[in-house]
Structure formats: C-alpha cells, structure tokens
Amino acid sequence: MNIIVVGCGMVGYSLVEQLSQENHDIVVIDEDESKVRYITDEYDAMGVVGSGEDCKVLVEAGIEHTDLLIAVTEVDEKNLLCCIMAKRFENCRTIARVRNPVYSAETGFLRHELGLSMIINPEQIAANEIARIIQYPEDIKVDTFTRGRIELLNFQISKDSALCDQTLKSIRSRVKCNFLICLVTRDDDAFIPTLDTVFQEGDSLVLVALPSDANQFFIRSGFEKDPVQSVMIVGGGITGYYLAKRLANIGISTKIIEQDEKRCDELSDLLPDAMIIRGDATDERLLMQEGIGVVDAFAALTGLDEENVFLSLYAKNVSHGQTVTKINRINYTEVINKMDLDSVVFPRTLTADYIVKYARSMMSGISSNVENIFRLENGKAEAFEFFVSEPSIVTNTPISKLRLKGDLIICSITRNSRVIIPTGHDEIRVGDAVIVITTRSFFSDIKDIVRR
C-alpha cells in the first residue's frame with residue numbers, strides 16, 4: 001500500500017519502523033527537516049518537508065495515489081485538519097491521533113462528520129493496557145476491538161478450574177454477570193460453543209465482556225489472582241486521568257499523586273471518585289504516608305522515564321503490589337527489559353501496533369464496511385469488525401430471527417459509544433459497529449453473515 005505518515009515524532013518513527021517491514025511504500029511529512037532526514041536515512045521511506053495541512057505538500061507526497069494517511073503530529077487540530085485535506089482525494093483513508101479528552105469523548109461524532117477511518121489516542125490506549133495488566137491474571141491474553149472498547153479475553157481451563165466439566169448453561173446460571181463465551185479451541189479444533197457444550201481441561205476459551213463484568217467473571221470462576229481493590233497512580237497527566245476513570249468504573253479505589261496544584265484541582269473535578277494528593281512522589285515519606293506499602297497495584301506515569309523507573313523499583317522494594325511503569329522513549333528498550341520491573345508499557349509502540357493492525361486489514365482487500373479483521377487461535381478463527389453504514393437484511397430485526405450462517409456468532413454491538421453484549425432480542429442498527437467471530441467463512445460484507 002501507499003501510506004503517508006504526517007509527523008515524525010516518536011509515534012511516527014515507530015509507525016515507519018513497523019510499516020517498512022511489511023513492504024509498504026511510505027512517505028513521511030514533517031516541518032522539521034532534521035526529523036524527516038533521520039527517518040528516511042534509517043528506513044526505506046521518502047520524505048517531504050512541510051505541513052501536512054498544506055494541500056501542495058500532500059500532492060508532493062503523492063496523496064492522489066495514497067491508500068492511507070496517518071496524522072500523528074503533537075497537535076490534535078493539525079491531525080484532524082490533515083485528514084480533512086486528505087479526504088478531498090476520495091480513495092484515501094485517514095487516521096488521526098487525538099489526545100485531548102474533550103475530543104476523545106466525541107470520537108464517534110468526529111469520525112462520522114470528518115469521514116475518518118480511525119481516531120487513536122496513545123494515552124487512552126496506554127491506560128487501557130495498564131488497566132488490563134492490573135485487572136487480569138498474567139495467563140489471560142487480551143485482544144481489543146472498536147478502538148479499545150471491546151475486549152476479547154483468551155484463557156485456558158485448568159484441571160482445578162471451576163469451569164472444568166461444566167456446561168455453558170450451568171456456568172451462566174452460576175456466574176451471574178453479562179458475558180459471552182464465543183470460541184472454544186480443543187485439540188487444534190476451534191468451534192462456537194452452544195449452551196450444552198461441556199468445557200474440558202485444556203480448552204482455550206475466548207470471552208467477550210465489559211471490563212466490569214469480565215472482572216466479576218474471573219473472580220467468580222476462581223482464577224488465582226486476588227481482585228485488585230486499591231491502586232496508587234503517580235502522575236496526574238492524561239494517561240493517569242484515563243486510568244483512574246477506568247478503574248473507578250469497575251469499582252477500584254484509586255489515589256493519584258500529582259505535584260502541580262492547578263492539575264490537582266482539575267482532577268478533583270474530573271474524578272470525584274478518586275483521591276487526589278498534591279505532593280512530590282519522589283518524597284519517600286509522602287509515599288509511605290499515603291500507603292504505598294499496602295496498595296494492590298502501583299503505576300508510575302509521570303512524564304519522566306527515569307523517575308518512573310526509580311519509583312517502580314522503590315514500590316517493588318516496599319510493597320507486594322504489582323507495579324506498572326510507563327516509558328515514553330523507546331531508545332532504551334533492551335536496558336529497561338533487564339531491570340527488575342513487573343510490567344512496562346510503551347504508549348507509542350502500542351499506538352503503532354493499533355495502526356499497523358488496521359493497515360493489515362486494508363491489505364486483505366475487504367470492502368469498506370469491514371473495519372478490521374483479526375485472526376484468533378493461530379488462524380483457526382477470525383473476528384470481523386463491521387461498520388453498518390446503511391439498512392440491509394441484517395438491520396432492525398432481532399438477532400434470533402436472522403437466518404445466520406453456521407459456525408459464527410455475533411459477539412458485540414457498539415452503539416453511540418455504548419457496548420452491547422447481544423442476546424437474541426437485540427437488533428443491529430445503522431451506525432452500529434458489530435463484531436462477528438467465525439471458524440469457517442470469509443466475509444466481505446455484514447450481509448454475508450445470513451443465509452440467502
């Protein structure tokens with residue numbers, strides 16, 4: 001594919017690094033000539049010095065023949081404007097990095113009105129990843145869809161599991177929360193379970209649930225990890241805000257330590273369920289006074305990598321809680337990996353991973369209403385993410401009355417930022433994002449899920 005990356009910062013660098021390994025033709029745009037030269041010298045990419053909002057610069061970069069434009073400058077408004085300019089060339093899809101929480105709350109509206117393929121927020125992605133690390137046991141793998149709103153959790157049933165030798169029907173009656181087990185892999189065979197399916201030792205399951213329900217599912221299913229009840233966050237920036245907000249939504253007590261007085265006031269208004277402490281987290285007495293020794297998890301999210309590393313090392317030394325360290329610069333990955341840190345999160349790498357997944361989906365030659373394709377269980381099944389743009393045979397009809405093809409299941413429906421784990425009574429409507437998992441067929445359109 002022909003891809004333009006606007007913005008040669010760390011996210012842009014990570015993108016070019018990954019995309020260049022997949023044989024895409026890449027052009028980078030940045031107003032800083034030295035940044036353009038650095039990337040083009042390092043990787044097989046062309047470079048244009050200038051502003052991505054300038055139509056002449058886009059034409060010079062080859063926008064007429066571009067399949068995907070990715071705007072990842074440091075300024076949200078620039079990214080959105082770049083995408084608006086690129087949409088003048090109808091064959092080009094667009095992705096914008098948007099970090100401001102005000103804009104992030106209106107992602108659905110912005111995508112629809114501006115015709116964007118994706119809006120991506122590195123801080124929110126990082127916060128979601130940290131929340132998953134804190135929330136779930138290490139042996140649970142998580143895949144995300146619909147820009148992180150939907151989680152598919154993959155885990156294996158052990159001999160001692162409360163799910164072993166139980167039917168799906170009996171599990172649903174005992175584990176009283178909203179969830180959907182949509183895929184079972186047994187002895188290299190993947191299939192969609194029924195209510196009468198009996199789960200066996202060694203089965204690999206894929207679960208779909210809202211974060212709060214997933215948390216309850218694993219607690220009530222007897223997984224070993226004790227539920228996290230308290231988290232200390234150092235750094236009240238955007239990532240800290242998103243993390244605290246998500247933790248509050250699933251009932252986890254959260255304390256944020258932030259040095260800036262004005263930011264503390266803002267956080268107090270934005271996060272009424274969190275405790276906001278103004279202070280210097282490098283002060284050992286403050287950390288001990290605020291209970292670092294007894295919290296279940298600790299997240300170092302300041303803007304300084306070195307401070308985050310030292311804070312996490314200190315937390316490991318004085319408590320038994322899990323630690324998560326945010327690293328913004330990726331230059332020292334090998335050094336960081338050798339340190340005695342529990343979990344390390346690289347926001348820029350996570351962001352690049354999301355965008356590269358989308359680029360891979362575009363390479364599949366799928367139609368415009370298939371937003372993403374993800375392979376599950378080493379290709380034994382596939383998850384299709386559809387955007388329903390117009391009425392059809394699948395809309396405005398209860399799912400139970402649709403003549404669905406075999407070997408597929410509708411896992412989730414996202415409507416106006418609200419996630420629905422569907423039952424037979426739910427309907428698919430225009431504007432919905434729908435995820436379907438199948439073990440057999442390839443779909444190029446959501447209408448392909450029904451028998452003709």
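The values are calculated or read from the model by the stated rules, or taken from the named source; none is laboratory data. The structure displayed is predicted, hence computed values, not measured ones. We place every Cβ from the backbone using ideal geometry, glycine too, and count neighbours over all the protein chains shown. These area figures cover heavy atoms from the full protein model, side chains too; ligands, DNA and RNA do not enter into them. Shrake-Rupley method; radii C 1.70, N 1.55, O 1.52, S 1.80 Å.
Estimated from the Cβ-Cβ distance and a Förster radius of 35 angstrom, the FRET efficiency linking Lys316 and Val75 is about 0.40. Taking the protein heavy atoms of the chain in the context of the full set of protein chains, the accessible area attributed to carbon and sulfur is 46 percent at 1.4 Å. Take the convex hull of the alpha carbons in region 385-452; its mean projected area over all directions comes to 4.2 nm². Using alpha carbons only, the radius of gyration of region 239-280 set against its Kirkwood radius gives Rg/Rh = 0.94.
Estimated translational diffusion coefficient (Stokes-Einstein, Kirkwood radius over Cα pairs, 37 °C, 0.692 mPa s) of region 184-308: 193 µm² per second. For the chain, the per residue solvent-accessible surface stands at 46 Å², with DNA, RNA and ligands left out and a 1.4 Å probe. Relative protection proxy for 90-96, 240-246, from highest mean packing down: 240-246, 90-96 (other beta-carbon atoms within 10 angstrom).
Ile171 sits among other residues whose Cβ lies under 14 Å from its own Cβ, and their net charge, with Lys and Arg +1 and Asp and Glu -1, is +1.
Taking all protein chains together, Glu42, Glu129, Glu385 sort by accessible area into Glu42, Glu129, Glu385, largest first [probe 1.4 Å]. Over region 23-172, the ratio between the Cα radius of gyration and 2.2 N^0.38 Å evaluates to 1.40. Looking at the chain alone, DSSP beta bridges between its own residues are antiparallel in about 50 percent of cases. Between Asp160 and Asn378, the FRET efficiency estimated from the beta carbon spacing at R0 = 35 angstrom works out to 0.85.
Peptides 294-302, 28-36 ordered by packing proxy, namely the average of other Cβ atoms within 10 Å per residue, highest first: 294-302, 28-36. The sum of -39500 (n - 2.57) across all DSSP H runs of n ≥ 4, divided by the residue count of the chain, sets its helix-only mean residue ellipticity at 222 nm to -9000 deg cm²/dmol. Taking a point 7 Å from the Cα of Lys176 along the Cα-to-Cβ direction, the residues of region 191-214 with backbone N closer than 17 Å to it are 213-214. Averaging the sequence gap over all C-alpha pairs within less than 8 Å and six or more residues apart, then dividing by the number of residues, gives the chain a relative contact order of 11 percent.
Here the chain has an Rg and Dmax of 22.8, 69 Å, counting Cα atoms alone. The Rg/Rh ratio of region 296-445, with Rg taken over Cα atoms and Rh as the Kirkwood radius over Cα pairs, comes to 1.14. Measuring between their Cα centroids, region 373-414 and region 233-277 lie 37 Å from each other. Once backbone amide H atoms are built at 1.01 Å from N, Cys411 has Ile435, Val436, Ile437 as its partners under 5 Å, excluding neighbours fewer than 5 places away on the same chain.
So which of Lys141/Lys380; Lys357/Lys401; Lys56/Lys87; Lys35/Lys78; Lys255/Lys338; Lys35/Lys56 end up more than 24 Å apart by C-alpha? Lys357/Lys401; Lys255/Lys338, as the Cα separations exceed 24 Å there.
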